[in-house]
Amino acid sequence: MSSYDTFDGRFGALVIGSATIEQLWSGGRWTEGPVYVPAAKTVVWSDIPEDRIMRYDETSGTVSVFEHPCGYHNGHTLDAFGRIVACEHGGRRISRLGFDGRWETVVDRFEGKRLNSPNDVVVKSDGSIWFSDPSYGIDTDYEGHAAKSEIGRCNVYRHDPRTGETAAVVTGLDRPNGLAFSSDERILYVSDTSLSDTPAIHAFTVAKDGRTVGEDRVFAVSDAGFFDGFRLDRAGNLWTSSGDGVRVYAVDGTLLGRINIPETVSNLCFGGPKRNRLYITATSSLYAVYVYATSADRPLPSP
Ligand code: MG
């Protein structure tokens, strides 16, 4: 089986046909939540059932445990200062790794009730933290601690660290999961991993105030498993996990192609000094492949 399947000619400009898909590490139980930390030349990701955070050192090629136990981390991202922002199933909170090396709570409640189990997170350019809160970390003890939902449903929230306000911005999806903004932040993409609804990525129009969303349209539908986590490249193409590998969709929703991965992909991120290396978490492993595309991640502000 070829590593790449092309469905649209535009795919050829995004992937390197001769680039090998490398398995950098294996031995996890369910890997998720990769984030590239430029200042550390490191990829950090979760192994949720093992309650540990792993790290891949890009310089030496070594993998080690970053933290264990960690509170059943899932998704990670960076804030504008390069700090890791994390989703914790166990702690049922969004946390942040401070400059002193300690995890601090960013938000753990909505309207006085405990969050379910934050799954994926993104930081907007205004500093607000948007995250999904499905129930996977409280449904069973496997990926967290079994408990009843206090909120009673699964939303996407916007938390403003400056005011402390938390608002539910997406309330109509059954199991909101991965999320990302378009580079102009006019669209918020959210995947829904509901068992009862068609697995899809929704595209929400971000309101002019930048704090709420309006119209919801289905951006892509999966005919092979779930879309979980995803990222966008500089041109606005969406690179997403799916049941049959990494799928790449154009801005208009056209499926351009697929990178075939031997395990079920959960999430991915761009990394490397040029942000042209795709790191992929898939079931028990971390994979990497160089691509022509580069990350849409905005540059960090200068001090
Ligand atoms: Mg997820």
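Calculated [222 nm] ellipticity per residue, helices only, for the chain: 0 deg cm²/dmol; basis is -39500 (n - 2.57) per DSSP H run with n ≥ 4, divided by all residues, nearest 500. Charged neighbours of LEU255, selected by a Cβ distance under 14 Å, balance to -2 (K, R count +1; D, E count -1). The figure for LEU179 is an accessible area of roughly 10 square angstrom, using a 1.4 Å probe on the protein chains alone.
In the chain, the portion of solvent-accessible area held by carbon and sulfur atoms comes to 49 percent [1.4 Å probe, whole percent, DNA, RNA and ligands not counted]. Each Lys and Arg contributes +1 and each Asp and Glu -1, all at the Cβ; summed about the Cα centre of the chain, the dipole is approximately 660 debye. Probing with 1.4 Å while keeping every protein chain in the model, the per residue accessible area of the chain equals 42 Å².
Straightening the chain between LEU24 and SER60 buys 11.8 nm, computed as 0.36 nm per residue apart minus the Cα-Cα spacing. Can you compute the FRET efficiency between ASP216 and THR6 using 1/(1 + (r/R0)^6), with r the Cβ-Cβ distance and R0 = 30 Å? Round to the nearest 0.05. The value I calculate is 0.50. One decimal place: the segment THR294-ALA235 gains 20.4 nm when fully extended, by the rule 0.36 nm per residue minus the C-alpha distance.
With the simple spin-label model, which puts each label point 7 Å out from Cα in the Cβ direction, the ALA250 to ARG83 separation comes to 4.1 nm.
Summing charges over all other residues whose Cβ lies under 13 Å from the Cβ of TRP103, with Lys and Arg as +1 and Asp and Glu as -1, gives -1. Taking label points 7 Å from Cα along the Cα-to-Cβ direction, ASP197 and GLU150 give a separation of 2.5 nm. Taking a Cβ cut-off of under 14 Å around ALA13, the surrounding Lys, Arg, Asp and Glu residues balance to a net charge of 0, with basic ones at +1 and acidic ones at -1.
For segment 86-152, GluC sites (Glu not before Pro) are listed when DSSP marks them as loop and at most 11 other Cβ atoms sit within 10 Å of their Cβ; the list is GLU111. Residues LYS148, LYS41, LYS208, sorted by accessible area with the largest first, give LYS208, LYS148, LYS41 [1.4 Å probe; ligands and nucleic acids excluded]. Residue ranking by accessible heavy-atom surface, 1.4 Å probe, largest first, among HIS89, HIS68 comes out as HIS68, HIS89. Just to confirm my numbers, what's the Cα centroid distance between segment 149-209 and segment 1-51 in Å? Between the Cα centre of segment 149-209 and that of segment 1-51, the gap is 24 Å.
For segment 4-290, the residue among PHE7, ALA235, ASN155 whose Cα projects farthest onto the positive side of the dipole built from Cβ charges is ALA235.
For segment 19-102, chymotrypsin sites (Phe, Trp or Tyr not before Pro) meeting the loop criterion (DSSP other than H, G, I, E, B) and having at most 10 other Cβ atoms within 10 Å: PHE99. Across segment 4-290, the fraction of Cα-Cα pairs farther apart than 34 Å, rounded to a whole number, is 12%.
The values are calculated or read from the model by the stated rules, or taken from the named source; none is laboratory data. Computed from a prediction, not measured in an experiment: that's the story for all the values here. Glycine also receives a Cβ, built like all others from the backbone with ideal geometry; neighbour counts cover every protein chain displayed. Heads up: the accessible areas ignore ligands, DNA and RNA and are worked out on the full protein's heavy atoms, side chains in. Shrake-Rupley method; radii C 1.70, N 1.55, O 1.52, S 1.80 Å.
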